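Working notes, structure below.
The numbers here are math on the coordinates, done by the rules we state, and not lab data. Note that this is a predicted model, so its numbers are computed, not measured. Every residue, glycine among them, receives a Cβ derived from its backbone with ideal geometry; neighbour counts consider all protein chains shown.
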Ligand code: ADP
Ligand code: ADP
């Protein structure tokens, strides 16, 4: 499970420090999907960067299975970071590498040998329904297929948590559903805990058990979707 405790992050603003995250706490039970929603400027992307320590929070803790990533430095932080797989915002695949090559990137970084990479890449492409696209290049794929490759890549190093920042923002409803199905498969088949930043209530209704609503850097609602949103 992942818990975020009293996370704070300020940026210099025109009239003094602007608190993009102001004492943000949330808890996602193991093997569930939590949606992070809220208006533009609420702090969602800042949270999505601070949780995997892509950006360092000013204070607070990010615990994955008990370990606080914020307290770690150097090699220990690098290792602990692998527990969080990130699907970055926007189109994040390397154009000059094949689908298999993109999925293999974290495995290369982790020093996996060729045979291990091949087996693992095969499993991951199977999981996201793109086994027949291993040799294709990102430009030959649809937007939804590219996002599924990004999910496969995020899962390559066997993270315990998957963090996806607006994974369906540029997609139509059908394609959105295919990407959400892949996140749901990762949860069910791999047991990963999923945090998904979204502005789309369809995403919330379709896969989220809980949500955290951010506004002006603060959590204004956090709890079960059944309690906070009506199901379709
Ligand atoms: P959201 O993703 O919910 O739209 P963001 O996390 O992008 O919100 O932004 C939250 C606030 O922090 C906004 O007021 C934004 O202008 C500010 N902010 C985000 N990143 C930076 C940055 N690198 N430098 C200065 N201000 C930033
Ligand atoms: P690129 O040309 O994009 O660099 P590579 O041929 O180097 O791609 O392959 C990258 C990684 O993907 C390698 O680790 C390889 O083992 C793996 N890989 C390549 N093709 C497949 C495939 N069809 N099934 C599974 N893994 C593959």
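Miscellaneous remarks
- Beta bridges per DSSP with both ends in segment 100-232, % antiparallel, nearest 5: 55
- The chain: antiparallel DSSP beta bridges as a percent of all, rounded to 5: 55
- Between residue 215 and residue 78, the modelled labels are 4.3 nm apart [label points 7 Å from Cα along Cα→Cβ].
- Take each peptide in 187-195, 132-140, count the other Cβ atoms within 10 Å of every residue, and average; sorted highest first, the result is 187-195, 132-140.
- Annotation: extensible slack from residue 3 through residue 118 equals 38.1 nm (criterion: 0.36 nm per residue apart, minus Cα-Cα distance).
- Cβ-Cβ FRET estimate between residue 55 and residue 126, R0 fixed at 41 Å, reported to 0.05: 0.80
- Additional length obtainable on full extension of the chain from residue 68 to residue 108, 0.36 nm per residue less Cα span: 11.8 nm
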